[in-house]
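Some notes on the structure that comes next.
The values are calculated or read from the model by the stated rules, or taken from the named source; none is laboratory data. Since we're looking at a predicted model, the values are computed, not measured. Here the Cβ positions follow ideal geometry from the backbone for every residue, glycine too, while neighbour counts run over all protein chains shown. Accessible surface areas use protein heavy atoms only, side chains included; no ligands, DNA or RNA. Shrake-Rupley method; radii C 1.70, N 1.55, O 1.52, S 1.80 Å.
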Amino acid sequence: MSLLRLLLLLLLPLFAMHATAEAPPRPQADELRARLQALAERKLPEAEQRAAQQALEQAQASLASAEDYRRRADALEQTLAGAPAQIAEARRQLAALPAAAPV
């Protein structure tokens with residue numbers, strides 16, 4: 001039992017460090033554009049420059065995709081927020097219709 005306690009005491013600081021670790025900040029589109037433009041000035045070997053350019057272009061595309069998804073999620077949330085009112089209005093209109101004769 002004391003071995004288990006010792007192990008727990010040794011691992012506790014690691015869990016605390018892991019919990020306080022933050023994700024790196026997300027790059028901004030302007031920053032990525034600037035890096036891509038400055039890439040030619042770095043005089044890298046062609047293979048490295050091509051790989052860096054592809055990585056930066058992919059990061060730009062991912063950033064644009066993420067922004068598009070955020071906008072679409074916001075629009076969906078607005079639609080969902082208005083759904084109860086639309087349902088209530090449709091039910092009210094349905095109740096106001098005269099009962100149809102059975103076929």
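Of all the listed residues (P13, P25), the sole one being part of a loop (DSSP other than H, G, I, E, B) and without any contact (Cβ under 8 Å) to a residue 12 or more places away in the chain is P25.
Of the residues making up the range 67-75, none is touching a helix residue (DSSP H, G or I) at 6+ places or on another chain (Cβ under 9 Å) and open to solvent by less than 60 Å² (accessible area, probe 1.4 Å). In this structure, E57 does not qualify as charged (D, E, K, R), within 19 Å of the chain's Cα centre (by Cα), surrounded by 10 or more Cβ atoms within 10 Å (Cβ to Cβ) and modelled with pLDDT under 90. Evaluated against (1) surrounded by 10 or more Cβ atoms within 10 Å (Cβ to Cβ); (2) basic (K, R); (3) at pLDDT below 90, R5 falls short on exactly one condition, (1). For the range 70-89, the criterion of being over 18 Å from the mean Cα position of the chain (by Cα) and at pLDDT below 85 is met by no residue.
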